[in-house]
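The values are calculated or read from the model by the stated rules, or taken from the named source; none is laboratory data. No experiment lies behind these values; they were computed from the predicted model shown. FYI the Cβ positions are ideal-geometry reconstructions off the backbone, even for glycines, and counts take in every protein chain you see.
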C-alpha cells in the first residue's frame, strides 16, 4: 500500500527541472528580496498590494503601497516600462498578489510574486515598519 505522497508517481527529473526552473521566472522569496535590499542590489520595485490601512499597520520599509485595485497604467507612469515589479500581500491565504500580477501583466509590465508575503517575511525573522 502506498502513501499519499507516493500514490501519484513523481515527475521525471527532466520534467521537474523544467517546472521548477520555470517557476523561478514567476516567483521570488522573502529571503532573496531581503538579501537584495541589504546588499544594495534592489533592481526591482517592491509593491505592497494590500490596502492602505494594512500597509500603514506594517510593511517592508523599501516597499511602496499600491493596492491591487489601484494598479493601473496611470499609477505606473513614473516607472520605466521595463521595471520589474515584485508584489506581495498578507501571505499565502491572500490572493492580492495574483490580482496585482495579472493587472501588471495585462499592462505588459514584468512581474514576480514574493511568496509568503508579510507572514513569510516575519517568519524569516525580518521586521516591518509602520507608517505614521
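Are any of the residues in the range 102-113 in contact (Cβ under 8 Å) with a residue 60 or more places away in the chain and either within 11 Å of the chain's Cα centre (by Cα) or within 25 Å of residue 31 (Cβ to Cβ) (or both)? Quick ask: steps written out before the conclusion?
Applying the first criterion (in contact (Cβ under 8 Å) with a residue 60 or more places away in the chain) to the range 102-113 yields 112-113.
The next check asks that each one be either within 11 Å of the chain's Cα centre (by Cα) or within 25 Å of residue 31 (Cβ to Cβ) (or both); those that pass are 112-113.
Checking the range 102-113: at least one residue is in contact (Cβ under 8 Å) with a residue 60 or more places away in the chain and either within 11 Å of the chain's Cα centre (by Cα) or within 25 Å of residue 31 (Cβ to Cβ) (or both).
Quick check on my filter: what residues within the range 1-40 are under 26 Å from the mean Cα position of the chain (by Cα) and over 24 Å from residue 91 (Cα atoms)?
From the range 1-40, those under 26 Å from the mean Cα position of the chain (by Cα) are 15-40; that's our starting set.
The answer is 15, 16, 17, 18, 39, 40.
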Check your understanding: What is the residue count in the range 28-52 for residues that are assigned to a loop (DSSP other than H, G, I, E, B) and either over 21 Å from residue 131 (Cα atoms) or touching a helix residue (DSSP H, G or I) at 6+ places or on another chain (Cβ under 8 Å) (or both)?
Key -> 8
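I'm checking my understanding of the structure. Among residues of the range 93-127 that are part of a loop (DSSP other than H, G, I, E, B) and touching a helix residue (DSSP H, G or I) at 6+ places or on another chain (Cβ under 7 Å), which one is nearest to residue 80 (Cα to Cα)?
At the first step, the residues of the range 93-127 found to be part of a loop (DSSP other than H, G, I, E, B) are 93-95, 107-110, 116, 124-127.
Keeping just the survivors that are touching a helix residue (DSSP H, G or I) at 6+ places or on another chain (Cβ under 7 Å) gives 94, 107, 109, 116, 124, 126.
On the way: 94: 28, 107: 12, 109: 9, 116: 27, 124: 31, 126: 29 Å.
Among those that are part of a loop (DSSP other than H, G, I, E, B) and touching a helix residue (DSSP H, G or I) at 6+ places or on another chain (Cβ under 7 Å), it is 109.
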Exercise for review: Report, by residue number, each residue of the range 41-60 that is within 21 Å of residue 110 (Cβ to Cβ) and free of Cβ contacts under 8 Å to residues at least 40 places away in the same chain.
Suggested key: 41, 42
Exercise for review: Check the range 1-16 and report whether any residue there is at pLDDT 95 or above and closer than 24 Å to residue 102 by Cβ.
Suggested key: no
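Count, please, the residues in the range 77-95 that happen to be touching a residue at least 40 places away in the same chain (Cβ under 8 Å) and in contact with a strand residue (DSSP E or B) (Cβ under 8 Å, 6 or more places away or on another chain). Write out each step before concluding.
Quick first cut of the range 77-95, residues touching a residue at least 40 places away in the same chain (Cβ under 8 Å) only: 84-90, 94.
Within this subset, residues satisfying the condition of being in contact with a strand residue (DSSP E or B) (Cβ under 8 Å, 6 or more places away or on another chain) are 84-89.
The qualifying residues number 6.
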Exercise for review: For the range 62-77, name all the residues that are surrounded by fewer than 20 Cβ atoms within 10 Å (Cβ to Cβ), modelled with pLDDT of 95 or more and either in contact with a helix residue (DSSP H, G or I) (Cβ under 7 Å, 6 or more places away or on another chain) or assigned to a loop (DSSP other than H, G, I, E, B) (or both).
Suggested key: 62, 65
Exercise for review: Only residues that are surrounded by fewer than 13 Cβ atoms within 10 Å (Cβ to Cβ) and at negative phi: list them for the range 39-51, please.
Suggested key: 39, 41, 43
Point to revise | Unmet requirement for residue 57, which otherwise passes all of (1) more than 13 Å from the chain's Cα centre (by Cα); (2) surrounded by 14 or more Cβ atoms within 10 Å (Cβ to Cβ); (3) closer than 15 Å to residue 119 by Cα | key: (2)
